[in-house]
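Structure, as structure tokens:
The values are calculated or read from the model by the stated rules, or taken from the named source; none is laboratory data. Worth saying up front: this structure is predicted, and the values here are computed from it rather than measured. All Cβ positions, even for glycine, are placed from backbone atoms using ideal geometry, and neighbour counts span all protein chains on display.
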Amino acid sequence: MTKPEPAAARVTPDSLRAELSDWVRERWDPDLALRDWRELLLESGWAVPSWPRRWHGRGLPGWADELVAGELVRLGAAGPPVGSGTWLAAPTILAHGPDELRERLLAPILTGAQTWCQLFSEPGAGSDLAGLSTTAVLDGDDWVVNGQKVWNTSAHHADMGMLLARTDSSVPKHQGITYFALPMQQPGVEVRQLRQMNFHASFNEVFLTNARVPRENVIGAVGQGWAAALTTLSYERRFAALQRPAYAAVPGRALTEARAEADRHFATYSWYPQRAGRPDLVIEHARAAGVADNPVIRQAIARLVILHRVSVWTAERARQARALGARPGAEGSIGKLAASSVARESARVHSMIAGAAALLTGPDSALGGVVAEVLMSVPGQSIAGGTDEIQRNIIAERVLGLPGEVRVDRAVPFSQLTGRG
């Protein structure tokens, strides 16, 4: 993130809480429309206090964002919008620009006027994201986009999409990619929901047929989209990205609208606790199944608890680094890999406890069907947001300093790769 401004470096958590409390006391009106309240947050710099003042912030240290968001909720007010616009698109646009795009797109994201989805992965380019084949060709004042994307959460109701498309096939694959802000509500964009094996439908596939993107909607620069994509992916791997604001159940238009917004957004992620394995339920499950005294079960639970606590500590280190102003880095891959290990181990322990009954669903099954949903959902933990194999490569190269994996396609023009171009 950006460095704090000199005067802001002297701000302490206590002084910031006091200043925010005074401001909320003067400005908060529960009967305001949520959008109007967020306009006030934007104008005051409280929406993203660590950002530069020019871009709706207060130039404060990185730790201020999390502190202020929590304090707003504690004070009974609404905070910034939830969703990939705030968590992924906005920091990427802030980091890579250009200024015209920052001026036009950041404010609608931070007020909730526009929602976003991510259009990165393709049927033939998941872990090898740089192998994407969706194309964008300049036609006058627009880029014309053709291709297919997949695993796109919330694409069926998003206003804008973070799109990666190939704009030059004559250069190696990482160099010919451009990052676009794609308007989703247009005839050339077709969204189809995907039914998962756990019976949820959180993801979509998106078909792009002569979809158009304004020429000025390039994030970063033409052909330099890979750098911007890495920024988005680093934020995607942050550990607290799916935290739901605990808004008080009190009357008032702003909070009512904020709770409804959160309900809509997090309905998509209702199965994510099961994807993470539900380690929080293993002790309850063992007691309910009458096997809490089984020494083998107890040893397995102890191992799981240890893995989970270590993962939590890693997440806390990442939050502390973020608080000091660091951008998300390789620690995100460490945490992602640890989360996959915890999820698999948790599924194994739940299976040990329930036996064959772990496969049953319905109100009379293990934990009311939660265990069966865990078994169906956990495999996704090792795939979404970058596979375990990708995370190991990142850790090996960026943390351990090991030689990079041999990639013979890095220096070859994309058009010369088999089946590409």
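Residues of the stretch 43-56 that are surrounded by 22 or more Cβ atoms within 10 Å (Cβ to Cβ) and either of a type outside the set (Gly, Ala, Ser) or without any contact (Cβ under 8 Å) to a residue 24 or more places away in the chain (or both): Trp46, Val48, Pro49, Trp51, His56.
Scan the stretch 109-120 residue by residue and report those that are not in a helix (DSSP H, G or I) and not aromatic (Phe, Trp, Tyr).
Hits for the stretch 109-120 are Gly112, Ala113, Gln114, Thr115, Cys117, Gln118, Leu119.
Kindly indicate whether Thr232 is of a type in the set (Ser, Thr, Tyr) and either closer than 19 Å to Val349 by Cα or at pLDDT below 90 (or both). It is false that Thr232 is of a type in the set (Ser, Thr, Tyr) and either closer than 19 Å to Val349 by Cα or at pLDDT below 90 (or both).
Per-residue answers, yes or no, for (1) over 25 Å from Trp271 (Cβ atoms); (2) in contact with a Gly (Cβ under 9 Å, 6 or more places away or on another chain); (3) not assigned by TED's automatic domain parsing to the domain that holds Ala181:
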residue: Gly97; (1), (2), (3): yes, yes, yes
residue: Ala107; (1), (2), (3): yes, no, yes
residue: Gly131; (1), (2), (3): yes, yes, no
residue: Asp139; (1), (2), (3): yes, no, no
residue: Val150; (1), (2), (3): no, yes, no
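Those helices (runs of 4 or more DSSP H) of the stretch 18-108 in which at least 3 residues are under 17 Å from Met160 (Cβ atoms), considering only elements entirely within it, cover 90-96.
With respect to being touching a His at 6+ places or on another chain (Cβ under 7 Å) and among the hydroxyl-bearing types (Ser, Thr, Tyr), Thr231 fits the description. Note on the stretch 146-177: residues that are surrounded by fewer than 24 Cβ atoms within 10 Å (Cβ to Cβ), part of a strand (DSSP E or B) and either at negative phi or at pLDDT below 95 (or both) total 5.
Only helices (runs of 4 or more DSSP H) whose full extent lies in the stretch 215-316 are considered here, and the ones with at least 3 residues that are of a type in the set (Gly, Ala, Ser) are 225-236, 253-267. Candidates in the stretch 370-412 are the residues that are of a type in the set (D, E, K, R) and surrounded by 16 or more Cβ atoms within 10 Å (Cβ to Cβ); of these, the one that is nearest to Leu233 (Cα to Cα) is Asp388.
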